[in-house]
Structure formats: structure tokens, C-alpha cells
Amino acid sequence: MDFKLEIAKAIGKASSLDYTEVLSGIEIPPNSQMGDYAFPCFRLAKTLKKSPQIIAQEISQNIIKPDFIERIEIQGAYINLFTDKENFAKEILKEVLNKKETYGSDTLGNGKTIVIDYSSPNIAKPFHVGHLRSTVIGNAIYKIHEFLGYDCQGVNHLGDWGTQFGKLIVAYKNWGSKTAVEEKGIQELMRIYVIFHDEAEKNPSLEDEARGWFVKMQDGDSEALELWKWFYDISIKEFDRVYKMLDVEFDAYTGESFYNDKMAAVVKELKDKNLLQESEGAMIVDLEEEKMPPCLIIRKDGGTLYATRDITAALYRKNKYNFEKCLYLTALDQNLHFAQWFKVIEKMGYNWSKDLVHVPFGLVSLDTGKLSTRKGNVVLMEELLNQAVKETAKIIEEKNPNLPNKEEIAKQVGIGAVIFNDLYNGRIKDVTFSWERMLSFEGETGPYVQYTNARACSVLKKAENFNLNEIDYSVLKDENSVEVLKLIYDFPNKIKEAANKYEPSMVSRALVDIAQAFNKFYHDNPILNSEENVKNARLAIVLSVNTVLTTGLKLLGIKAPEQM
RNA sequence: GAAUCGGUAGCUCAGCCGGAUAGAGCAACGGCCUUCUAAGCCGUGGGUCGGGGGUUCGAAUCCCUUCCGGUUCACCA
């Protein structure tokens with residue numbers, strides 16, 4: 001039941017106001033002594049030409065109290081409503097225990113497809129902490145939307161095309177060797193790539209040579225493409241190791257190269273629509289009216305650019321998926337790029353340009369400065385995950401040495417900590433990578449939530465069989481129980497809000513809130529040693545918390561071990 | 001210079017479609033394990049919500065202005 005909506009309807013009737021208007025005014029008081037819901041009447045004073053206190057009085061006198069409301073109090077201009085705690089507990093627990101792992105899910109996305117472009121690392125470059133955000137935020141947004149009924153299509157738009165491969169080919173021919181690349185993989189590709197940049201500073205003709213090789217790739221030159229494919233395969237193999245650790249999957253690996261043979265048609269379309277013009281030898285779409293720099297489509301040497309491929313990919317995706325929304329999970333520094341080519345799509349006459357959404361996140365840096373693969377200022381993803389698992393294993397050895405299946409649990413908790421850490425703050429915030437923060441397992445962290453859940457599981461296991469058919473809800477009126485129940489009740493809203501805002505942190509925050517409330521409840525209320533009716537009622541709460549935490553962690557792409 | 005994102009406790013951040021005493025975690029200090037997992041719980045200290053104006057019955061929240069920091073701005077992605 002939507003309590004807020006029912007209250008709004010009741011107040012609407014009592015005041016002859018439209019209930020949707022009332023609904024937006026209903027709020028949750030800062031503490032529960034003031035009530036569970038409140039409706040401030042200040043706003044009505046002007047239109048009704050009465051003091052807000054009097055309005056509050058009048059409404060409260062006329063209101064027909066819904067069943068779940070125990071009493072109504074007036075405090076100044078506030079109408080404070082107190083829920084009947086027994087009924088409240090009953091409504092919520094029944095719903096969670098019935099729906100189980102589907103509690104919080106929805107059908108609102110049924111029949112709608114949402115394409116999510118995330119992770120998208122560059123081939124031939126190591127997978128480092130800079131790629132973590134796009135990967136885990138995208139994955140969480142995927143799972144959250146899926147839970148709400150959407151058909152999600154996760155696309156890994158690999159950076160597998162572009163001048164950098166021309167550079168790599170030049171580098172390989174000059175300073176590389178087959179055996180070294182076969183032995184050391186990306187590391188070796190990276191090494192020769194760095195050499196290229198150093199050498200190109202002294203000898204700029206190398207850049208032209210690199211661009212030349214890229215043009216050859218575009219034209220289908222077999223030598224160029226064979227080398228490219230080789231680099232590609234080596235890279236994918238390494239990326240897959242990381243994706244497996246993070247338990248992230250994609251529906252498509254259509255990277256930039258996939259669009260090589262599809263761009264000409266798009267360029268022609270731009271030309272036919274009179275959007276393309278020459279400038280300084282390059283072909284651009286002018287965006288002066290939009291107060292943006294021009295969008296580069298074709299370089300003066302004929303090469304295509306990032307925007308060309310993004311535009312082509314968008315048209316392809318619209319055609320293939322007929323998406324409701326297409327999301328792009330990239331760092332904030334690409335704002336302009338997306339604004340530009342979204343505008344180009346609009347100018348092409350596609351009204352679905354409004355369905356293209358850049359979902360940006362803040363930049364990651366190290367305390368030693370900006371991330372730079374070339375300068376070697378990076379933390380590799382595998383190194384981070386392995387370290388987190390190692391650290392977790394140490395803690396398990398300390399705290400729970402008899403834990404079965406230790407290695408697996410260490411992985412679930414260690415990697416969960418890394419993922420949760422990234423998903424806990426608003427995505428727009430810049431982050432400075434810190435080992436200390438990554439490997440802290442106390443307080444607002446993934447392990448804290450997992451640990452809370454493991455405690456709940458442990459109680460449930462020890463309870464063996466218990467009766468959830470006849471629960472005495474009257475024993476759940478204490479403050480701790482009510483607090484847990486309120487948060488569980490609100491959880492489905494948090495999921496929807498997270499989807500609307502493309503903000504997984506709404507879910508992670510909700511999980512920490514629930515975990516905190518539950519730990520307090522757990523600490524203060526004996527469960528298994530209580531009388532039968534109390535025990536069963538409290539176990540219903542424990543089971544509900546277990547259900548919600550497991551669901552929430554799953555939505556974030558984090559495992560919920562039953563023991564740790 | 002223009003655009004864009006940030007500025008809330010020592011640190012990391014919530015709160016920002018206006019509402020009742022501004023919240024967490026970490027760090028510091030002090031308590032709680034013969035009872036369901038102490039990766040936990042409780043308590044103490046800690047704030048000119050960057051500054052200044054304005055709108056409003058009411059502003060951390062909206063508007064203007066200003067300062068500080070990040071990022072981007074033509075052939076990289």
C-alpha cells in the first residue's frame with residue numbers, strides 16, 4: 001500500500017484540494033516523535049486567506065482517518081500523522097515475505113528497451129582503475145533497470161579503432177617483436193606505444209606514418225588488419241579476466257571497428273542533408289548557432305573521428321534496438337563531445353536525439369597526480385582486485401578462521417568492497433584513488449552490508465524452522481523494529497529513484513541505512529531466545545532484511561555471502 | 001576568455017523539485033563480547049552549509065553576483 005498516497009487522498013477530501021497537489025507537500029518529519037508523515041499548511045495560507053495554523057486545525061477536524069493511521073496531531077502549521085505500528089508492520093512484512101526476491105521489482109519498464117554503453121576500454125591499453133567507474137556504474141544501472149522490467153542491452157563500445165592503432169603498428173614495426181608481444185601481452189604493447197610517443201616528439205613524421213596506417217586499416221589493407229586483429233585478441237583475453245572477476249557481462253562487444261563499413265552511409269546522409277561543410281581541409285558540422293565548437297566528422301587526410309563513429313553507432317542502435325533510451329557511461333570530461341554529436345543527430349532530423357543520454361561521472365586521479373597510462377601513473381585493475389582479495393583473506397584468518405570456502409568468500413567480499421566503494425558516492429564527484437579507502441571494511445562499506453546480511457543469515461539458519469503464517473505484529477512496535485520496517489518499506493522507491501537519476505548510490509545508501517538500522521535492532525533485541533510469538537515476529541524482520549540486502553547487493557553487482 | 005562539474009564537521013561524503021533542532025562514516029577519546037558472527041553496538045567532542053546580495057512566512061536547498069578547485073574547448077578517444 002502506498003501510505004503517502006492514501007494520506008494525500010484523505011487530506012484532499014478534507015480540504016477540497018487536489019490530492020496530487022497534496023501529495024507533493026507531504027513529508028517525513030525529522031524525527032519519529034513528531035510523527036511518521038506530516039503535511040505543512042503554510043503554502044495554503046495565501047489562497048485560503050487564513051492562518052496556516054487554522055487551516056491545519058480545520059483539515060484535521062474534517063479528515064477521515066485511514067485505517068493505518070493511529071492518530072493525528074497538530075503542531076503549529078503542521079499536521080502530523082502517526083501510523084498504527086502494528087498495521088504498518090503487517091502491511092510491509094506481508095508484502096516482503098510474499099514477494100521475496102521480487103520485492104522492489106516493477107513492471108514499469110516492460111516492453112521498453114534501454115541500451116547502456118559502458119566500460120568501453122581501449123584495446124592495447126591496460127585495464128586500470130580509471131575504467132572501474134564506467135564498468136561498475138554501468139553494470140549497476142543495467143541491473144537496476146532490468147529489475148524494473150526494462151529490456152537492457154549492455155554494449156561494450158571498445159576503443160578498438162582509430163589512429164592509436166596506426167601508432168601501434170608503426171611502433172611494432174620499429175621496436176616490437178612477435179615473441180615479446182606473445183609473452184607479455186598488453187604490457188608489451190604498452191611499452192612500444194610509449195616508445196612511439198617519445199620518438200614522435202623528436203620526429204613528427206612518425207605521426208603521419210601512423211595516420212597513414214590507420215587509413216590503410218579503414219581501406220581494408222590486409223597486413224594492417226591482421227596486426228590489428230592480433231592486438232585485439234590479446235587485449236580481449238586480458239579484459240575478460242577482469243570482467244570475470246567483477247562478474248560483469250555484456251550483450252554486445254560492438255566496438256568502434258564494428259562501424260568502419262557503416263560510416264560512409266552516414267557521412268553521405270550528412271552531406272545530403274546539407275549539414276556537412278569544409279573547414280580547414282576537414283569536414284565538419286557547424287554548431288555556431290548552438291554556441292558550440294564545430295563537430296569534426298572527417299579529418300583532412302580522410303580519417304574518421306570519434307564523433308563519426310558515435311553518430312554511426314547511435315543510428316545503428318536505434319535501428320537495431322529501437323531503444324527508449326541509450327545511455328553513455330563516460331567520464332565528465334567528455335561532456336562537450338556528447339553535447340556536440342547529440343546535436344548533430346538532432347539536426348539530422350531525428351527526434352529521438354532526446355533519448356540519448358550522457359551519464360557522466362567524476363574523474364579518477366591518483367594521489368601522485370593524473371592517471372596516465374603513458375607515464376605509468378596507473379593502478380591496474382587486476383592488481384587492485386587481487387590486493388583487495390588478499391586483504392580480505394587476512395581479515396578472515398583473523399576473525400573467522402574456521403569459515404568454510406574461505407577463498408571464494410574472500411573474493412566475494414574483497415571485490416564487493418571495491419565495487420561498493422565506487423558506487424557509494426554520487427557519481428559526479430571526482431575521486432582520488434586511495435588504497436586505504438579501497439581496503440577499509442568498516443562503516444559505510446560493502447563488507448559492512450555483507451556482514452550485516454551474513455548475521456541475518458546466521459540467525460535464520462539457527463532458527464531452523466519457524467512459523468511465519470501467524471505473526472503477532474503487535475510485538476514489533478518498538479523504535480528499532482519500526483525504523484527497520486520504514487526503511488524496508490521505502491526501498492522500492494529508492495530503486496526507482498536510482499533508475500530515474502541513473503544513480504546507483506541511491507541503492508548503496510539505502511543498503512547502509514537498512515544495515516545500520518538492523519544492526520541496532522539486532523543488538524538490542526534478542527531473537528532466538530525470545531518467547532515464541534516475539535521470536536517469530538522478529539524472525540520475519542530478519543528474513544525481510546536478508547531479502548532486501550541480498551536484492552540490493554545484487555543490483556549493485558555484489559555477492560551476498562551467507563557466511564563471512 | 002567561454003562552457004561545464006564541484007565547494008556542507010579534521011578527512012570522505014549524504015541532504016539540494018524550499019519546511020520543524022543540518023546528518024553518516026572515517027579519524028580522536030571513553031564504554032560494551034560466559035547470550036543469536038565485535039567486519040558490530042553505545043556515548044563524547046567537532047559546523048559562519050566558500051563569501052555577499054535577493055526571493056519567501058521559512059533558504060544548505062531557488063535567483064543574481066563573487067571567490068576557490070577539477071575538466072573541456074579542431075582533426076586523440
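The values are calculated or read from the model by the stated rules, or taken from the named source; none is laboratory data. Every value quoted in this text rests on a predicted model; they were computed, and no experiment measured them. Neighbour counts run over all protein chains shown; Cβ positions are idealised from the backbone, glycine included. Note: areas computed on protein heavy atoms with side chains; ligands, DNA, RNA excluded. Shrake-Rupley method; radii C 1.70, N 1.55, O 1.52, S 1.80 Å.
Out of the range A:344-403, which GluC sites (Glu not before Pro) are coil in DSSP terms and have no more than 11 other C-beta atoms within 10 Å?
Sparse-neighbourhood loop GluC sites (Glu not before Pro): none present.
Calculate how steeply helix A:406-424 sits against the longest principal axis of the alpha-carbon atoms of chain A, using the helix alpha-carbon long axis, and give the answer as 0 to 90 degrees to the nearest 10.
Value to nearest ten degrees: 90.
What GluC sites (Glu not before Pro) does the range A:410-453 have in DSSP loop regions with at most 15 other beta carbons within 10 Å?
A:442
Over the range A:61-131, give the accessible area per residue in Å² for a 1.4 Å probe, as an integer.
Details: 3180 Å² over 71 residues.
On a per-residue basis, 45 Å².
How big is the range A:433-557 in terms of Cα radius of gyration and Dmax, in angstroms?
Every Cα atom of the range A:433-557 included, Rg and Dmax give 15.3, 51 Å.
Students often get this wrong, so check it: of A:399/A:496; A:343/A:375; A:237/A:399; A:268/A:318; A:112/A:343; A:273/A:501, which have C-alpha atoms separated by over 26 Å?
The answer is A:399/A:496; A:343/A:375; A:237/A:399; A:273/A:501.
I need the trypsin sites (Lys or Arg not before Pro) found in the range A:296-348, filtered to DSSP loop residues with at most 13 other beta carbons within 10 Å of theirs.
A:300
For A:103, A:19, write out the residues from largest to smallest accessible area, computed with a 1.4 angstrom probe and no ligands counted. Could the numbers behind the result be given before it?
Working: A:103 10, A:19 95 Å².
Largest accessible area first, the list is A:19, A:103.
Given 0.36 nm per residue, what is the gain on full extension from residue A:477 to residue A:425 after removing their alpha carbon distance, in nm?
In short, 15.4 nm is gained.
Would you mind checking the tilt of helix A:263-272 against the longest principal axis of the Cα atoms of chain A, expressed as 0 to 90 degrees and rounded to 10?
With rounding to tens, the tilt is 90 degrees.
Which links in A:9/A:49; A:394/A:462; A:65/A:100 stretch past 25 Å when you go from one Cα to the other?
A:394/A:462; A:65/A:100
Setting aside same-chain residues fewer than 8 positions from residue A:178, which aspartates and glutamates have a Cα under 19 Å from its Cα?
Hits, sequence-local ones excluded: A:188, A:223, A:226, A:233, A:238.
Counting only heavy atoms of the protein chains, get the accessible area per residue of the range A:159-214 (1.4 Å probe) and round it to a whole Å² value.
With the other protein chains kept in place, the range A:159-214 gives 46 Å² per residue.
Rounded, prolate or oblate: which one fits the range A:1-85, using the alpha carbon gyration tensor with axes a ≥ b ≥ c (rounded when a/c is under 1.5, else prolate when a/b beats b/c, else oblate)? Please report the intermediate quantities before stating the final value.
Values: a/c = 1.65, a/b = 1.32, b/c = 1.25.
Prolate.
Can you give me the long-range amide H partners of residue A:116? Hydrogens built in the peptide plane at 1.01 Å from N, cutoff under 5 Å, separation of 5 or more residues or another chain.
Hits under the 5 Å cutoff: A:153, A:154, A:155, A:327.
So what are the ³J(HN,Hα) numbers for the range A:517-532, from phi and the Karplus equation (6.51, -1.76, 1.60; θ = phi - 60°), rounded to whole Hz, Gly and Pro as x?
4, 5, 4, 5, 4, 4, 5, 8, 10, x, 9, 5, 9, 9, 4, 3
Give me, ordered by chain and number, the residues 5 or more places off residue A:361 or on other chains with an amide H under 5 Å from its own placed amide H.
Result for residue A:361 returns A:330, A:331, A:332.
How big is the shadow of the Cα convex hull of the range A:105-259, averaged over all directions, in nm²?
One quarter of the hull surface, i.e. the mean projection, equals 10.2 nm².
May I ask for the Kirkwood hydrodynamic radius of chain A, worked out over all distinct Cα pairs and given in angstroms to one decimal?
27.0
Strictly over 32 Å apart at the Cα level, which of A:244/A:325; A:4/A:50; A:125/A:411; A:520/A:554; A:216/A:291 would you flag in this model?
Cα-Cα > 32 Å for A:216/A:291; rest within.
Which ³J(HN,Hα) values in Hz, rounded to whole numbers, follow from the phi angles of the range A:376-391 under the Karplus curve 6.51 cos²θ - 1.76 cosθ + 1.60, where θ = phi - 60° and Gly and Pro get x?
3J(HN,Hα) across the range A:376-391, in whole Hz: x, 8, 9, 10, 6, 4, 5, 4, 4, 5, 4, 5, 4, 5, 4, 4.
Mind listing the long-range amide H neighbours of residue A:433? Cut-off is under 5 Å, sequence gap 5 or more, other chains count too, H placed in the peptide plane at 1.01 Å from N.
A:365, A:366, A:367
Roughly how many Å² is the accessible area per residue of the range A:385-447, as a whole number, for a 1.4 Å probe?
That works out to 54 Å² for each residue.
Just check the range A:386-484 against the gyration tensor rule for me: Cα atoms, a ≥ b ≥ c as the square roots of the eigenvalues, rounded for a/c under 1.5, and otherwise prolate or oblate depending on whether a/b exceeds b/c.
Note, shape of the range A:386-484 comes out oblate.
Counting only protein heavy atoms and using a 1.4 Å probe, what share of the accessible area of chain A belongs to carbon plus sulfur, as a whole percent?
47
What is the antiparallel percent of DSSP beta bridges lying wholly in chain A, to the nearest 5?
Given both bridge residues lie in chain A, the antiparallel proportion sits at roughly 55 percent.
What percent does the relative contact order of the range A:404-494 come to when contacts are Cα pairs within less than 8 Å and at least six residues apart?
26
Could you work out [θ]222 nm for chain A from helices alone, using -39500 (n - 2.57) per DSSP H run of at least four and dividing by all its residues? Round to the nearest 500 deg cm²/dmol.
About -18000 deg cm²/dmol.
Tell me the accessible surface of residue A:437 in square angstrom (1.4 angstrom probe, heavy atoms of protein chains only), to the nearest ten.
140
Tell me, what HN-Hα J-couplings in whole Hz come from the Karplus equation 6.51 cos²θ - 1.76 cosθ + 1.60 at θ = phi - 60° for each residue of the range A:300-313, using x for Gly and Pro?
Couplings: 5, 8, x, x, 8, 10, 3, 5, 4, 6, 5, 5, 4, 5 Hz.
By the gyration tensor of its Cα atoms, with a ≥ b ≥ c the square roots of the eigenvalues, what is the shape of the range A:483-541: rounded for a/c under 1.5, prolate for a/b over b/c, or oblate?
prolate
Heavy-atom accessible area of residue A:28 with all protein chains present, probe 1.4 Å, nearest 10 Å²?
Answer for residue A:28: close to 100 Å² accessible.
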